[in-house]
Amino acid sequence: MTNQDPWWRDAVIYQIYPRSFADADGDGIGDIDGIRARLGHLRDLGVDAIWMSPWYPSPMADAGYDVADFRDIDPVFGSLKKAEALITEAHAAGLRMIVDIVPNHISSEHPWFKAALASPDAPEREYFWFRSQPTNWIGEFGGDTWTRTPDGMWYLHLFTPEQPDLNWEHPDVRAEFEDILRFWFDRGVDGIRIDSAALLLKDTSFPEVAPDKPHPFHDLDGVHEVYRAWRRVADSYPDRALIGEVWMPEVDRFARYLRPDELHAAFNFDFLGCAWDPKLMRECIDRTLAAHETIGAPATWVLSNHDVTRHVTRYGRTKTTFSFEENLDGTPVDLELGTRRARAAALLSLSLPGAAYVYQGEELGLWENESIPPAQFQDPMWGRRGHSRDGCRVPLPWSGDEPPFGFTTGTPWLPQPAEWKDRTVQAQTGDPNSMLELYRTAIHLRRAEEGLHRGTMAWLDTAPGVLAYTRGSTFACVLNMSGVSVPLPDHHSCLLASGPLDGTLLPPDTAVWLRLHPGK
């Protein structure tokens with residue numbers, strides 16, 4: 001990252017899922033003190049910022065995305081005082097802090113909603129969507145989106161019934177969240193990640209909807225007024241950023257969220273969902289860069305997060321199609337293949353123009369834990385769609401030869417695979433062939449390479465099945481997605497390879513960073 005550009009344009013941002021990062025008090029659930037004790041890992045990894053998934057008071061109906069109070073910390077994670085200490089210590093370690101805000105809905109235990117349920121005449125009822133009749137809308141987790149109250153009214157929830165949707169037409173709701181932004185910016189937070197950013201506004205005519213028609217709550221034009229107001233708040237503080245979770249297949253509509261007076265950046269789910277296929281991958285990269293270049297916003301590159309199957313597992317499937325829920329279909333997983341591809345994907349994502357996101361554990365090469373007994377699932381999606389996201393949320397392995405691998409002195413809230421003994425931080429540290437050392441080396445090289453910050457990207461002519469591009473005049477990345485070894489370009493020296501090279505040949509499912517020596 002350079003001093004000339006805003007930090008968020010080309011940062012490496014590490015997502016922490018607090019329940020599963022590190023547990024300091026032995027209750028089996030990760031906490032703030034556990035994170036504070038492991039900041040050295042993130043410093044040594046070389047990342048620029050930490051993104052914290054929700055850590056607010058919550059009944060945990062949806063793993064903290066049902067927030068009861070945005071100005072405090074859930075006791076299971078610690079306290080506001082400890083959160084402030086983490087922010088200070090992260091800054092001292094050279095790490096910026098991003099927190100998650102969930103504006104579409106709150107917890108049914110939030111004081112606003114409890115007041116709204118207590119009386120049909122409560123002013124707080126106007127902060128939600130209460131109706132005398134439900135609609136046929138289908139929720140984000142599947143199933144109905146309306147729940148009946150004791151007084152016979154129905155309230156809207158696009159997720160679980162414990163997550164009532166807010167009425168973003170109401171000025172009090174808008175003012176409240178602008179104040180929440182100020183609350184965290186005042187405490188030194190550098191950025192806000194916005195959950196489900198396109199869902200806030202609803203079609204207030206509440207139409208019945210045919211299954212093949214667009215949802216009347218997704219990407220309505222009025223949402224941009226909200227983010228323009230948020231941008232004014234962010235711009236009143238130095239060097240702050242707003243980063244949206246925007247699931248949007250239409251590139252032109254996605255780009256509208258990144259206009260100069262709205263969000264600074266948004267997640268690239270197109271890249272995350274791309275199959276391991278050279279044609280599709282290049283098209284995805286070109287589409288992403290074109291969308292961002294037209295408005296001057298930075299692209300973002302994401303391989304995994306807390307909602308999707310880990311990419312070691314996805315890339316290890318023997319099929320080429322992709323689904324976020326593909327772990328339901330029983331397709332075999334080749335973990336050796338998935339790991340080889342994940343190593344190559346790391347060099348791809350870390351050398352493309354823009355910011356890169358690392359989900360906790362991907363630097364260790366963790367795969368999806370698909371052996372969790374259904375009786376231990378805690379994800380509400382399991383009950384509503386028959387799919388659990390818990391497999392990508394399993395606690396991290398830090399040390400030792402058996403679970404809980406140094407994560408806790410108690411019993412982890414989700415079981416860890418015994419096979420992770422070779423993927424602990426301890427086991428991989430100092431091993432030049434490990435995934436962890438690959439990530440450490442790549443991230444530090446990224447910081448040192450001027451071409452990876454300011455260098456224009458240009459595709460190189462290559463053999464079929466190979467992606468190759470330059471960043472500036474002296475750096476190149478070559479990724480072999482074909483099934484055979486291919487020659488490397490002339491006049492180069494190797495900076496970093498995701499796997500062993502075969503002399504001057506690049507084996508399949510391998511990537512390499514090259515120093516080019518033009519004119520030799």
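Just to confirm, what accessible area per residue do you get for the range 134-208 at 1.4 Å probe, in whole Å²?
About 34 Å² of surface per residue is accessible.
Using only the Cα atoms of the range 323-482, what are the Rg and Dmax in Å?
18.5, 55
Hey, with R₀ at 45 Å, roughly what FRET efficiency would Ser119 and Glu450 work out to, going by the Cβ-Cβ distance, to 0.05?
The value I calculate is 0.10.
Can you tell me the dipole magnitude for the chain around its Cα centre, using point charges on the Cβ only (Lys, Arg +1; Asp, Glu -1), in Debye to the nearest 20?
For this selection, approximately 1240 debye.
Can you pull the percent of Cα pairs in the chain with separation above 34 Å?
Details: 49589 of 134940 pairs.
Value for the chain (Cα pairs over 34 Å): 37 percent.
Measure off 7 Å from each Cα along the Cα-to-Cβ vector at Asp25 and Asp307, then give the distance between these two points in nanometres to one decimal.
2.9
For Ala93 and Asp490, what does the FRET efficiency come to when R0 = 51 Å and r is the distance between their Cβ atoms, rounded to the nearest 0.05?
With R0 = 51 Å, the Cβ-Cβ based efficiency is 0.75.
Considering the zone a paramagnetic label at Thr409 would reach in this model (a point 7 Å from Cα along the Cα-to-Cβ line), which residues of the range 4-32 have amide N under 17 Å from it?
Backbone N within reach: 22-32.
Under the Karplus relation 6.51 cos²θ - 1.76 cosθ + 1.60, θ = phi - 60°, what is the ordered set of whole-Hz ³J(HN,Hα) values for the range 350-355, x standing for Gly and Pro?
Ordered by residue, 3J(HN,Hα) equals 7, 10, 7, x, x, 9 Hz.
Can you give me the Cα centroid spacing of the range 446-461 and the range 124-158 in angstrom?
Result: 50 Å between the Cα centres.
Whenever you get a sec, compute what percent of the accessible area on the chain sits on carbon and sulfur atoms (1.4 Å probe).
About 51 percent, which is the carbon plus sulfur part of the accessible surface.
Glu419 label point, 7 Å along Cα→Cβ, cut-off 12 Å on backbone N: hits in the range 477-514?
Within reach of a label on Glu419: no residues.
Please report the orientation-averaged projected area of the range 411-491, defined via the convex hull of its C-alpha atoms, in nm².
Average of the hull's projected areas for the range 411-491 equals 8.8 nm².
Rank Ala346, Gly365, Gly191 by how far each Cα sits towards the positive end of the charge dipole of the chain (+1 on Lys, Arg Cβ; -1 on Asp, Glu Cβ) and give me just the farthest.
Ala346
Between Leu505 and Asp144, what is the spin-label point distance in nm, taking each point 7 Å from the Cα along the Cα→C-beta axis?
Calculated label separation equals 6.3 nm.
Counting Lys and Arg as +1 and Asp and Glu as -1, each charge on the Cβ, what is the dipole of the range 113-243 about the Cα centre in debye, to the nearest 20? Let's see the in-between values first.
On the way: 14 positive and 24 negative charges, 27 e Å.
Roughly 120 debye, rounded to the nearest 20.
On average, how much accessible surface per residue is there in the range 405-520, in Å², for a 1.4 Å probe, leaving out ligands, DNA and RNA? Don't jump to the answer; show the numbers that get you there.
Values: 5250 Å² over 116 residues.
Accessible area per residue, the range 405-520: 45 Å².
Checking a compactness column here: for the range 99-162, what do you get for Rg(Cα) / (2.2 N^0.38 Å), N being the number of residues?
1.11
The values are calculated or read from the model by the stated rules, or taken from the named source; none is laboratory data. Quick caveat: nothing in here was measured; it's all calculated off a predicted structure. A quick note on method: Cβ atoms are made from the backbone with ideal geometry, for glycine too, and the neighbour counts reach across all protein chains shown. Quick note on the areas: whole protein, heavy atoms, side chains included, nothing else; ligands and nucleic acids left out. Shrake-Rupley method; radii C 1.70, N 1.55, O 1.52, S 1.80 Å.
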